[in-house]
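The values are calculated or read from the model by the stated rules, or taken from the named source; none is laboratory data. Please read these numbers as outputs of a predicted model, since none were measured by experiment. Glycine also receives a Cβ, built like all others from the backbone with ideal geometry; neighbour counts cover every protein chain displayed. Accessible surface areas use protein heavy atoms only, side chains included; no ligands, DNA or RNA. Shrake-Rupley method; radii C 1.70, N 1.55, O 1.52, S 1.80 Å.
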There are 2 protein chains.
Amino acid sequence: MNALARLGMVSETPSENQTTTVSVEPAKDYFVERDGIKYAGMHLLIDLWGATNLDSPELIDKTLCAGAIEAGATILHHHFHHFTPNGGVSGVVVLAESHISIHTWPERSFAALDVFMCGVCDPYKVIPFLREAFKPTHVQINEQKRGLIA
Amino acid sequence: MNALARLGMVSETPSENQTTTVSVEPAKDYFVERDGIKYAGMHLLIDLWGATNLDSPELIDKTLCAGAIEAGATILHHHFHHFTPNGGVSGVVVLAESHISIHTWPERSFAALDVFMCGVCDPYKVIPFLREAFKPTHVQINEQKRGLIA
(Lines give C-alpha, C1' and ligand atoms only; values in the text may rest on other atoms or scores of the structure.)
Protein backbone atom coordinates (compact mmCIF):
# COMPACT_ATOMS: atom_id res chain seq x y z
CA MET A 1 0.00 0.00 0.00
CA ASN A 2 1.05 3.56 -0.41
CA ALA A 3 1.84 4.84 3.07
CA LEU A 4 0.69 8.41 2.57
CA ALA A 5 -2.44 7.37 0.73
CA ARG A 6 -3.27 4.83 3.41
CA LEU A 7 -2.62 7.39 6.13
CA GLY A 8 -5.00 9.75 4.39
CA MET A 9 -7.60 7.03 4.29
CA VAL A 10 -7.34 6.28 7.97
CA SER A 11 -8.29 9.80 8.95
CA GLU A 12 -11.11 9.93 6.44
CA THR A 13 -14.65 9.72 7.75
CA PRO A 14 -16.39 6.96 5.81
CA SER A 15 -19.20 8.39 3.69
CA GLU A 16 -22.67 6.89 3.81
CA ASN A 17 -22.33 5.41 0.34
CA GLN A 18 -18.78 4.22 0.92
CA THR A 19 -19.32 0.72 -0.44
CA THR A 20 -20.97 1.94 -3.60
CA THR A 21 -18.29 4.54 -4.21
CA VAL A 22 -15.52 1.97 -3.84
CA SER A 23 -17.19 -0.50 -6.17
CA VAL A 24 -17.45 1.96 -9.07
CA GLU A 25 -14.05 3.61 -8.71
CA PRO A 26 -11.04 2.13 -10.50
CA ALA A 27 -9.16 -0.24 -8.21
CA LYS A 28 -6.23 1.47 -6.47
CA ASP A 29 -2.93 -0.35 -6.20
CA TYR A 30 -1.25 -0.14 -2.79
CA PHE A 31 1.73 -2.31 -3.72
CA VAL A 32 5.14 -0.63 -3.84
CA GLU A 33 6.99 -0.29 -7.13
CA ARG A 34 10.69 0.37 -6.66
CA ASP A 35 13.80 -0.40 -8.70
CA GLY A 36 11.68 -2.10 -11.34
CA ILE A 37 10.04 -4.60 -8.98
CA LYS A 38 6.66 -4.63 -7.32
CA TYR A 39 5.88 -5.89 -3.82
CA ALA A 40 3.61 -5.40 -0.81
CA GLY A 41 6.25 -4.22 1.65
CA MET A 42 9.68 -4.70 3.16
CA HIS A 43 9.93 -7.04 6.15
CA LEU A 44 13.09 -7.09 8.28
CA LEU A 45 13.69 -9.86 10.80
CA ILE A 46 16.22 -8.46 13.28
CA ASP A 47 17.99 -10.50 15.95
CA LEU A 48 19.92 -8.64 18.65
CA TRP A 49 22.61 -10.50 20.57
CA GLY A 50 24.59 -9.29 23.59
CA ALA A 51 21.89 -6.70 24.22
CA THR A 52 20.93 -4.83 27.39
CA ASN A 53 17.78 -3.09 28.70
CA LEU A 54 15.62 -5.94 27.36
CA ASP A 55 13.54 -6.03 30.56
CA SER A 56 12.14 -2.52 30.30
CA PRO A 57 8.75 -2.27 28.55
CA GLU A 58 8.87 1.54 28.88
CA LEU A 59 12.21 1.87 27.09
CA ILE A 60 11.20 -0.70 24.47
CA ASP A 61 7.90 1.07 23.78
CA LYS A 62 9.62 4.46 23.51
CA THR A 63 12.40 3.09 21.28
CA LEU A 64 10.14 1.30 18.82
CA CYS A 65 7.74 4.23 18.55
CA ALA A 66 10.61 6.68 17.97
CA GLY A 67 12.06 4.35 15.33
CA ALA A 68 8.70 3.99 13.62
CA ILE A 69 8.28 7.76 13.36
CA GLU A 70 11.83 8.21 12.04
CA ALA A 71 11.09 5.54 9.40
CA GLY A 72 8.16 7.66 8.24
CA ALA A 73 5.43 5.43 9.68
CA THR A 74 2.21 6.32 11.46
CA ILE A 75 1.50 4.62 14.79
CA LEU A 76 -2.04 3.30 15.21
CA HIS A 77 -1.65 1.21 18.34
CA HIS A 78 1.11 -0.04 20.67
CA HIS A 79 0.92 -2.74 23.29
CA PHE A 80 3.60 -4.39 25.41
CA HIS A 81 3.53 -7.23 27.90
CA HIS A 82 6.07 -7.73 30.69
CA PHE A 83 6.78 -11.27 31.86
CA THR A 84 7.89 -12.24 35.32
CA PRO A 85 10.21 -13.43 36.70
CA ASN A 86 12.60 -13.43 33.73
CA GLY A 87 11.69 -9.84 32.79
CA GLY A 88 11.10 -10.62 29.11
CA VAL A 89 8.96 -8.25 27.09
CA SER A 90 6.64 -9.05 24.16
CA GLY A 91 4.85 -6.40 22.21
CA VAL A 92 3.85 -4.74 19.02
CA VAL A 93 3.43 -1.38 17.39
CA VAL A 94 0.67 -1.52 14.77
CA LEU A 95 1.34 0.98 12.01
CA ALA A 96 -0.71 2.40 9.16
CA GLU A 97 2.11 0.84 7.12
CA SER A 98 2.18 -2.59 8.87
CA HIS A 99 3.92 -3.32 12.21
CA ILE A 100 6.94 -3.66 14.48
CA SER A 101 7.14 -6.53 16.96
CA ILE A 102 9.63 -7.44 19.68
CA HIS A 103 10.20 -10.41 21.98
CA THR A 104 13.06 -10.34 24.44
CA TRP A 105 14.96 -12.99 26.39
CA PRO A 106 16.97 -10.89 28.91
CA GLU A 107 18.55 -14.04 30.39
CA ARG A 108 20.11 -14.66 26.97
CA SER A 109 20.74 -10.97 26.19
CA PHE A 110 18.71 -11.76 23.05
CA ALA A 111 15.82 -10.02 21.30
CA ALA A 112 13.92 -11.01 18.16
CA LEU A 113 12.23 -8.14 16.30
CA ASP A 114 10.44 -7.76 13.04
CA VAL A 115 9.85 -4.51 11.24
CA PHE A 116 7.35 -4.70 8.39
CA MET A 117 6.69 -1.51 6.47
CA CYS A 118 5.07 -0.73 3.17
CA GLY A 119 4.84 2.44 1.14
CA VAL A 120 7.53 5.08 1.35
CA CYS A 121 8.69 4.08 4.84
CA ASP A 122 12.26 2.88 5.37
CA PRO A 123 12.39 0.07 7.98
CA TYR A 124 16.20 0.28 8.14
CA LYS A 125 15.84 3.65 9.89
CA VAL A 126 14.60 1.80 13.00
CA ILE A 127 17.94 0.03 13.49
CA PRO A 128 20.00 2.96 14.90
CA PHE A 129 17.31 3.34 17.60
CA LEU A 130 17.75 -0.33 18.53
CA ARG A 131 21.54 0.04 18.69
CA GLU A 132 21.26 3.14 20.87
CA ALA A 133 18.72 1.67 23.33
CA PHE A 134 19.91 -1.94 23.62
CA LYS A 135 23.64 -1.73 22.81
CA PRO A 136 23.78 -5.13 21.10
CA THR A 137 27.19 -6.62 20.41
CA HIS A 138 25.78 -8.24 17.25
CA VAL A 139 22.82 -7.44 14.99
CA GLN A 140 21.60 -10.02 12.46
CA ILE A 141 19.21 -8.77 9.76
CA ASN A 142 17.17 -10.86 7.33
CA GLU A 143 15.36 -8.83 4.64
CA GLN A 144 12.24 -10.21 2.99
CA LYS A 145 10.24 -8.43 0.31
CA ARG A 146 6.68 -9.59 0.99
CA GLY A 147 4.30 -10.20 -1.91
CA LEU A 148 7.04 -9.86 -4.50
CA ILE A 149 5.68 -10.06 -8.03
CA ALA A 150 8.14 -11.28 -10.63
CA MET B 1 11.04 -19.59 26.14
CA ASN B 2 9.10 -22.57 27.35
CA ALA B 3 5.46 -21.87 26.53
CA LEU B 4 3.94 -23.59 29.53
CA ALA B 5 6.47 -22.15 31.92
CA ARG B 6 5.95 -18.67 30.51
CA LEU B 7 2.20 -19.14 30.68
CA GLY B 8 2.56 -20.08 34.33
CA MET B 9 4.58 -16.97 34.91
CA VAL B 10 2.03 -14.70 33.27
CA SER B 11 -0.69 -15.71 35.67
CA GLU B 12 1.59 -15.48 38.68
CA THR B 13 1.15 -12.54 41.02
CA PRO B 14 4.56 -10.91 41.40
CA SER B 15 5.81 -11.25 44.96
CA GLU B 16 7.06 -8.24 46.87
CA ASN B 17 10.66 -9.45 46.71
CA GLN B 18 10.42 -10.49 43.07
CA THR B 19 13.69 -8.88 41.97
CA THR B 20 15.69 -10.35 44.81
CA THR B 21 14.26 -13.81 44.23
CA VAL B 22 15.15 -13.72 40.55
CA SER B 23 18.68 -12.54 41.19
CA VAL B 24 19.51 -15.44 43.53
CA GLU B 25 17.84 -18.24 41.58
CA PRO B 26 19.74 -20.06 38.84
CA ALA B 27 19.03 -18.50 35.43
CA LYS B 28 16.24 -20.31 33.60
CA ASP B 29 16.64 -21.01 29.89
CA TYR B 30 13.55 -20.27 27.79
CA PHE B 31 15.13 -21.21 24.46
CA VAL B 32 13.75 -24.28 22.67
CA GLU B 33 15.92 -27.36 22.23
CA ARG B 34 14.64 -29.65 19.50
CA ASP B 35 16.28 -32.12 17.12
CA GLY B 36 19.68 -31.31 18.57
CA ILE B 37 19.49 -27.55 17.90
CA LYS B 38 18.66 -24.65 20.18
CA TYR B 39 16.70 -21.52 19.22
CA ALA B 40 14.33 -18.87 20.52
CA GLY B 41 11.29 -19.78 18.44
CA MET B 42 9.88 -20.67 15.05
CA HIS B 43 8.83 -17.79 12.81
CA LEU B 44 6.70 -18.44 9.73
CA LEU B 45 6.21 -15.75 7.08
CA ILE B 46 3.05 -16.70 5.22
CA ASP B 47 1.85 -15.06 2.00
CA LEU B 48 -1.68 -15.83 0.80
CA TRP B 49 -2.51 -15.23 -2.85
CA GLY B 50 -5.91 -15.48 -4.54
CA ALA B 51 -7.53 -15.12 -1.14
CA THR B 52 -11.02 -13.94 -0.17
CA ASN B 53 -12.63 -12.42 2.97
CA LEU B 54 -9.59 -10.19 3.48
CA ASP B 55 -11.78 -7.17 4.27
CA SER B 56 -13.42 -8.61 7.37
CA PRO B 57 -11.69 -7.74 10.67
CA GLU B 58 -14.19 -9.91 12.57
CA LEU B 59 -13.43 -13.04 10.53
CA ILE B 60 -9.69 -12.33 10.59
CA ASP B 61 -9.69 -11.85 14.37
CA LYS B 62 -11.72 -15.04 14.91
CA THR B 63 -9.54 -17.05 12.51
CA LEU B 64 -6.19 -16.00 13.97
CA CYS B 65 -7.35 -16.52 17.55
CA ALA B 66 -8.73 -19.98 16.75
CA GLY B 67 -5.47 -20.87 14.98
CA ALA B 68 -3.40 -19.61 17.91
CA ILE B 69 -5.34 -21.77 20.36
CA GLU B 70 -5.05 -24.83 18.09
CA ALA B 71 -1.29 -24.23 17.91
CA GLY B 72 -1.17 -24.44 21.71
CA ALA B 73 -0.63 -20.73 22.31
CA THR B 74 -2.11 -18.40 24.92
CA ILE B 75 -3.67 -15.15 23.70
CA LEU B 76 -2.72 -12.06 25.71
CA HIS B 77 -4.06 -9.33 23.45
CA HIS B 78 -5.58 -8.90 19.98
CA HIS B 79 -6.08 -5.74 18.01
CA PHE B 80 -7.18 -5.16 14.42
CA HIS B 81 -7.52 -2.05 12.30
CA HIS B 82 -9.82 -1.74 9.29
CA PHE B 83 -8.78 0.63 6.51
CA THR B 84 -11.16 2.46 4.21
CA PRO B 85 -11.91 2.56 1.34
CA ASN B 86 -9.84 -0.45 0.21
CA GLY B 87 -11.07 -2.60 3.11
CA GLY B 88 -7.58 -3.78 4.09
CA VAL B 89 -7.05 -5.06 7.60
CA SER B 90 -3.92 -4.82 9.77
CA GLY B 91 -3.64 -6.42 13.13
CA VAL B 92 -1.91 -8.59 15.66
CA VAL B 93 -2.53 -11.25 18.23
CA VAL B 94 0.05 -10.99 21.02
CA LEU B 95 0.70 -14.40 22.55
CA ALA B 96 2.44 -15.60 25.69
CA GLU B 97 4.57 -17.41 23.11
CA SER B 98 5.19 -14.43 20.74
CA HIS B 99 2.66 -13.20 18.10
CA ILE B 100 0.63 -13.52 14.93
CA SER B 101 0.29 -10.56 12.57
CA ILE B 102 -1.70 -9.98 9.39
CA HIS B 103 -1.88 -7.27 6.74
CA THR B 104 -4.31 -7.63 3.86
CA TRP B 105 -4.60 -6.09 0.40
CA PRO B 106 -8.11 -7.15 -0.69
CA GLU B 107 -7.69 -5.37 -4.03
CA ARG B 108 -4.81 -7.78 -4.76
CA SER B 109 -6.44 -10.79 -3.05
CA PHE B 110 -3.19 -10.85 -1.07
CA ALA B 111 -2.38 -11.15 2.62
CA ALA B 112 0.98 -11.17 4.41
CA LEU B 113 1.02 -12.92 7.79
CA ASP B 114 3.67 -13.88 10.25
CA VAL B 115 3.29 -16.48 12.96
CA PHE B 116 6.05 -16.46 15.57
CA MET B 117 5.81 -19.03 18.33
CA CYS B 118 8.24 -20.35 20.88
CA GLY B 119 8.02 -23.21 23.34
CA VAL B 120 5.93 -26.27 22.58
CA CYS B 121 3.55 -24.45 20.19
CA ASP B 122 3.32 -25.53 16.56
CA PRO B 123 2.86 -22.49 14.26
CA TYR B 124 2.04 -24.75 11.29
CA LYS B 125 -1.27 -25.60 12.98
CA VAL B 126 -2.49 -22.07 12.17
CA ILE B 127 -2.33 -22.69 8.41
CA PRO B 128 -5.45 -24.90 8.00
CA PHE B 129 -7.45 -22.09 9.66
CA LEU B 130 -6.11 -19.62 7.08
CA ARG B 131 -7.01 -21.98 4.22
CA GLU B 132 -10.52 -22.48 5.57
CA ALA B 133 -11.26 -18.78 6.17
CA PHE B 134 -9.55 -17.14 3.19
CA LYS B 135 -9.57 -19.90 0.53
CA PRO B 136 -6.23 -18.86 -1.00
CA THR B 137 -5.30 -20.34 -4.36
CA HIS B 138 -1.64 -20.26 -3.33
CA VAL B 139 0.14 -20.24 0.05
CA GLN B 140 3.83 -19.37 0.27
CA ILE B 141 5.62 -20.19 3.55
CA ASN B 142 9.06 -19.08 4.67
CA GLU B 143 10.29 -20.70 7.88
CA GLN B 144 12.87 -18.95 10.05
CA LYS B 145 14.26 -20.30 13.29
CA ARG B 146 14.90 -17.15 15.33
CA GLY B 147 17.93 -16.99 17.64
CA LEU B 148 19.40 -20.19 16.29
CA ILE B 149 22.54 -21.20 18.18
CA ALA B 150 24.97 -23.32 16.21
With θ taken as phi - 60° and the coefficients 6.51, -1.76 and 1.60, list the Karplus ³J(HN,Hα) couplings across the range B:137-149 in order, rounded to whole Hz; mark glycine and proline as x. 7, 8, 10, 10, 10, 10, 9, 10, 8, 7, x, 5, 10
Taking each residue of B:43-55 in turn, how many C-beta atoms of other protein chains fall within 10 Å of its C-beta, and what is the average? 2
Only counting protein heavy atoms at a 1.4 Å probe, give the residues of the range B:97-113, ordered by number, whose accessible area falls by 20 Å² or more when the other protein chains are present relative to the chain alone. B:98, B:99, B:103, B:105, B:107, B:108, B:110, B:112
Please find the FRET efficiency linking residue A:70 to residue B:35, where r is the Cβ-Cβ separation and R0 is fixed at 51 Å, and quote it to the nearest 0.05. 0.80
Enter the Cα centre distance for the pair the range A:33-87 and the range B:128-150, rounded to the nearest angstrom. 21
Residues with amide H under 5 Å of residue B:97's amide H, sequence separation 5 or more or different chain, H placed in the peptide plane at 1.01 Å from N; which? B:74
Residues whose modelled amide H sits under 5 Å from the amide H of residue A:120, counting only those 5 or more places away in sequence or on another chain, are A:3, A:4
Report, to the nearest whole %, how much of the accessible area of the range B:29-150 belongs to carbon and sulfur atoms, 1.4 Å probe, protein only. 51
Roughly how big is the B-A contact, given as buried accessible area in Å² (both sides, 1.4 Å probe, nearest 100)? 4400
Which ³J(HN,Hα) values in Hz, rounded to whole numbers, follow from the phi angles of the range A:101-112 under the Karplus curve 6.51 cos²θ - 1.76 cosθ + 1.60, where θ = phi - 60° and Gly and Pro get x? 10, 8, 9, 10, 10, x, 5, 10, 6, 10, 9, 10
